[in-house]
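The structure under discussion appears below in the form of structure tokens.
Each value in this text was obtained by applying a stated rule to the coordinates, not by laboratory testing. All values derive from a computational prediction rather than experimental measurement. Ideal geometry is used to build each Cβ from the backbone, glycine not excepted, and the neighbour counts take in all protein chains shown.
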Amino acid sequence: MATYLNAPSGRFGTPTNAKKYTISTWIKPAVEGNDTNNFFNYNYGSGKQAISIQIRNNDQTLRINQYVPGTDTYDIRTNKVFRDPSAWYHIVIKYDSTQSTASDRVKIYVNGENQTSLAASSYPGQNVDSFIADTPNNNKGINIGGQWDGSGNASANSYFLGYMAQFIYTDGYAYDASTFGSTNANSIWVPNSSPSVTYGTNGFKLDFAGTGTTANASGFGADTSGNNNHFTATAVGTDANTKDSPQNNFCTMNSVAINKFNQPGLSRGNLSIFDTNNGNWRIAGATHGFTSGKWYWETKYSGANSLMVGIADVNNYIFSRTYATGGDAYPGRYSGSQSFGYRNNGTIYHNGNTTSGKTSWDNNGDFLGIALDMDNKALYAHVNGTYVDSGNPTSGASRTGSLFNFTPTHFVTPAFAVSAAGYNGGYVNFGNPITDGGITNNNSDANGYGKFQYAVPSGYYAICSKNLGTYG
């Protein structure tokens, strides 16, 4: 079950002004395939009116609609798609039905840009009230991260799959995107740390910084606007407050850069990999790549299966070649490729060749750590903290104990492959671990970024946007 938040509508008072509201949030989508990736839903009750904001499964566009039985009060959908699992998107919905021009009554901003190219544009009539935070005779109300079904229960196929940061709702006040974000010196849209807004009676600000499921000031769904419109949390786990954020975007596995017929299963924010077809090797790359710098990440083995970790040139045909259905794909399979794979049984793959007898990491809970030196073109690996072949990641140009010496001609990305007799696989940690990824220690790099089980070698860094901007 995915994490979602609920604030029953009875918790709110009479809206400040039902003709105006603003929603501002940051999202980083993960895997596609959910029925409707809802990140906001308000439900008046079974068979009654509702409002939802979602990333549609069939085309990955953003849709907002307000529904009353038999019709949509308004229905607006972007032509812009949201398919990039490496990107944070800032989404602002500005609702002001007092405007005389129909297209001014609902505006969708993405990363500060007003979306005027629309696939659907049915606007509300002038002075039409919004249903958000109304006071119906039920306790369903607002759901963030999911959707209520026709019976008023959380819908298992409609959870939002991805990351979310800072969710703001203003009741009775309509703001442009510039209130919540701005363009920095590198022409990147970034959050304003303290947006100046009036929240109104039913407004709220969720920073997802707390813990626990209870609707109070210390919970995961705590409202920090001052209104105390706190949310109850479901399926939070023990580490829902991730380090991945719009200010520092961490690497994940890439649900797009995968072989057409050899797609592994990805879940848990694209940090868990499993086999979907019981048998053949299936490969996925990562969202971040590099030509320079020194980088560190870990993978935890989590079941009786075959798991492989390594690197691949992003132009490598392992990712793009059209295999026959059921064919194998893994890093290091083909000659002439700048890719390398380290299997959990201790076998190494490179250029179509294999080298056996290296340290295995096939006990449930074992960690394989990768230290990749792009500057000296060397790769080192440790198993549960002990480097294989007495490798020394800090040896520099001498490349002492390097398992793989290479001369890549393109960007290199971490690569992962799985072949399982079931759905077990592994958990990947680039410094932003998932709840059950087995991280019991708190090791970070020299810049203080990341959370790892084992010490990060001196001079190596977690794969995140702040480090890539400096070293990559």
Checklist entry - Ranking ASP96, ASP375, ASP362 by Cβ neighbours within 10 Å, fewest first, what do you get? => result ASP375, ASP362, ASP96
Next on the checklist: Below 27 Å, Cα to Cα, which lysines can LYS94 reach? Residues fewer than 8 away in the same chain don't count.
Outcome noted: LYS19, LYS20, LYS28, LYS48, LYS80, LYS107, LYS140, LYS205
Checklist outcome for this item: The local net charge around LEU403, scoring Lys/Arg +1 and Asp/Glu -1 for residues other than LEU403 whose Cβ lies under 14 Å from its Cβ, equals +2
Item to check | Surrounding net charge for ALA286, when Lys and Arg each add one and Asp and Glu each subtract one, Cβ distance under 14 Å | outcome: -4
Checklist entry - Among the lysines, which have Cα under 17 Å from the Cα of LYS377 when same-chain residues fewer than 8 positions away are ignored? => result LYS294
Checklist entry - What is the local net charge at ILE108, summed over the other residues whose Cβ is closer than 11 Å to its Cβ (Lys, Arg +1; Asp, Glu -1)? => result +4
